[in-house]
1. Rounded to the nearest 20 Debye, what is the dipole magnitude of chain B about its Cα centre when Lys and Arg each give +1 and Asp and Glu each give -1 at the C-beta?
2. In degrees from 0 to 90, rounded to the nearest 10, what is the angle of the helix B:188-200 Cα long axis to the longest principal axis of chain B?
3. Search the structure for amide H atoms under 5 Å from the amide H of A:Asn165, placed 1.01 Å from N in the peptide plane, and list their residues when 5 or more places away or on another chain.
4. Mind telling me which of A:Gly216, A:Gly130, A:Gly328 comes out most flexible in a GNM of chain A, alpha-carbon contacts under 10 Å?
5. Taking +1 at the Cβ of each Lys and Arg and -1 at the Cβ of each Asp and Glu, which of B:Val296, A:Gln321, A:Val21 sits farthest along the dipole of the protein assembly as shown towards its positive end, judged by Cα position relative to the Cα centre?
6. Name the residue, out of A:Ile35, A:Ile361, A:Ile269, whose mean-square fluctuation peaks in a Gaussian network model built on chain A with Cα pairs under 10 Å.
7. Cα centroids of the range B:95-135 and the range A:184-251: how far apart, whole angstrom?
8. Angle check, please: helix B:279-297 long axis (alpha carbons) against the longest principal axis of chain B (alpha carbons), in degrees 0 to 90, nearest 10.
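The values are calculated or read from the model by the stated rules, or taken from the named source; none is laboratory data. Remember, it's a predicted structure, so these values are computed and weren't measured experimentally. All Cβ positions, glycine included, derive from the backbone under ideal geometry; neighbour counts span all protein chains shown. The protein model used for the area step is the full one, side chains on, heavy atoms only, and it has no ligands, DNA or RNA in it. Shrake-Rupley method; radii C 1.70, N 1.55, O 1.52, S 1.80 Å.
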Amino acid sequence: MTRILLTGNAAAAWGARLAAVDYVPAFPITPQTEIIETLAEWIDGGVLDSRLVTLESEHSMLTAAGAAAVTGVRVFSATSSQGLLYGMEMLYNLAGWRAPLVLVNVSRGLSAPITLEPDHNDVLAARDSGFLQLHCATCQEVLDNVLLAYRLAEDARVRLPVLVNLDGFYLSFTREPVAIPEPAAVADFLPPFSDCGLHFRGGQPSSQAVAVLGGGLYSYFRYQVHLAAEQAAAVYAEVAADFERRFGRSYPAVEAYRCKDAELVLVMIGSFATKAKAAIDGLCAAGQRVGLVRPRLLRPFPAAELRRLLGHRKGVAVIDQNLSPGRGGILHTELTAALYGLPQGGPLLVSFVGGLGGRDIAEEEFVQMVEVLRQAVQEGIAPPPRLLFTEEELQQVRRLQDIAHGRSEGKGEGEETS
Amino acid sequence: MSESGPSSHSHLAPGTPLCAGCGGLQALQQLYRVLGDKTVVVNAAGCMTLLSIYPFTPFAGSWLYTAMACAAAGAQGVRDALDIQLAKGRISSAEDLATVVLTGDGSAYGMGLSATSAALDRGLDFLYLCYDNEGYGNTGHQYSSATPRAAHTATSRVSGYAGSKKDLFAIWAAHRPSYVATAIAAEPQDLARKVKKAAALRGPRLLLVLAPCPTGWGFDPALTVKVGQLAVETGIWPLKEYVDGRAVHTKIPRQRTPLAEYLRLQGRFAHLFSPQPDEQRLAELQQAVEDYWQQVTE
Ligand SMILES: Cc1ncc(C[n+]2csc(CCOP(=O)(O)OP(=O)(O)O)c2C)c(N)n1
Ligand code: SF4
Ligand SMILES: [Mg+2]
């Protein structure tokens, strides 16, 4: 095992390399492109015995990926934001095809307005597609999750595509020390691709992805996807335990940080959880009982584990780096559903939305959110969801609007309407 | 690529839910007779999607339905996966399959064109069968970019389609593929020859088959062959092929039947004949045919 400094993107590429993927359908998009560039270089240099094909869109890329997987090879692909949405039709199809492949998404906010920086609306748009989802907070986790994802995808009890998510910029372009497992050890953990009889072969005619007539058959196949996704929870636990035994790194479906006797808990996914941890360390040092819960596995949704970790707390703050306009934070909705109807009543839930389009969440803001949560618990009433935005940020927007309208500074938007 | 001749595994089983007299199905039958079961048919949304309805299929070989835009990309994935396994010794050449794309005009001329163009760029080894029924048939025959000028469709009910049929043959040929041919099931010998030629070649190949469609075009299913023959005899559907960088007509109708005889058989052109003949539009349509053949024979 070697330990080197890798970006999140390079770690994803290493995951694919160690998984000895056969086929990489690709299409460039920032901030994912480094992944396919790295793989292309390895393939061209003869380091990786694989084939990379650049399609003309992510819709085609995903189609080729799924078609290859159901023909019988191990497939890796990667995209971000607009690309994931451009291929959305095929995400649902690939799950329905039961195509066992791994797709890395490097999260990036969705247009409009167009931006390069991350939030989770892209990956959460794929939430109901039937792809399983693993979310990363470190570069090491990116590499390891790709390996876990293949075991999960190819398990005969699951047989579903898996999406591994990392945040653009904060992980994709950040170098961290990453332990690279020995290829032989990976080969032991992840046996060669087995198609479980799902393939195209001369002499063995098969029809895949055929039409159905009637809701009964349609429901049957959709339920099959759902049941396989549910079954994936137990398979994930097995696979993660096997991974820990072999490589010494532990990846429970839900990470609990300083939760032992925490009264208040923050819930987040992705790399910003690392910022939350720093804030929590400070608060704990000051004698507060605050922890963090971070789902790694988002599909299947680890509801039982979240109930176990959160059901007895006084208060839980969900920090969503996504926004469902007209509703609010998506994780908050999901968590509310998971914690509803507990015999002991469950914790008070407070919703925050922040970190959209790569906007930072500062340490003081975490401290403030904990304070709002504490207050809410004391009063026994959850305040309305809060959208993180500072007075200073608003001033900055106003200044730019003044420039755009050719006004002298400080007049602001409202005054100029005619 | 398989070059297998006719075999017991090369007929489409009867009993599909397609309409009686479907010109597209006739062409597919001819193609399948040559290609046989050592194929994966990669399909896009359209009438033919209903050939394989769980748990039945008329195909002796394999089938993959994709979506409307991306059959060519599906073919890429299948072809690449087979090639990878052949190269890595995981399957034998006896287990190899030919990759066939099957789509309608709506997909081939429109939504799937970007994926197809890219497959041509890459020189993908596949055979594309487009059954051109000149409209979005499966959704009730709205106009597509393959609809001929003046045709009534579900979205051009009043005075007919205002555009003109797109030239997909030329678009394909501009990519310099291995083979492009237009054909029609009503000219079985011409079609059979082109099918054999296409099957024997490698690289990107298109069979663009006009598919008289009783349901969408409004004629009696018994007239499918007649309508098809008239399409050729009037010169509105030129039979040609592109091979080795050159486009050649495989049949030049020098004594062309007046176009009106083709149009008159079809409900979609009825407004050109009643209550009174629309002489001006009929003349324009005839002139467009004349102009085409003028530049061919000159
Ligand atoms: C993305 C998408 N948009 C629309 C449709 C609806 N749709 C299904 S078949 C079809 C028509 C396809 O036309 P064509 O390719 O000519 O095939 P035909 O139906 O004529 O056989 C359409 C529009 C679809 N399946 N997918
Ligand atoms: S609508 Fe036309 S193309 Fe479609 S099945 Fe019927 S006859 Fe064939
Ligand atoms: Mg059509």
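1. Using only the charged Cβ atoms, the result is roughly 300 debye.
2. Once rounded, one gets 30 degrees.
3. Result for A:Asn165 returns A:Asn105, A:Leu134, A:His135, A:Cys136.
4. A:Gly216
5. So the residue furthest toward the plus end is B:Val296.
6. It is A:Ile361.
7. 30 Å
8. The two axes meet at around 50 degrees.
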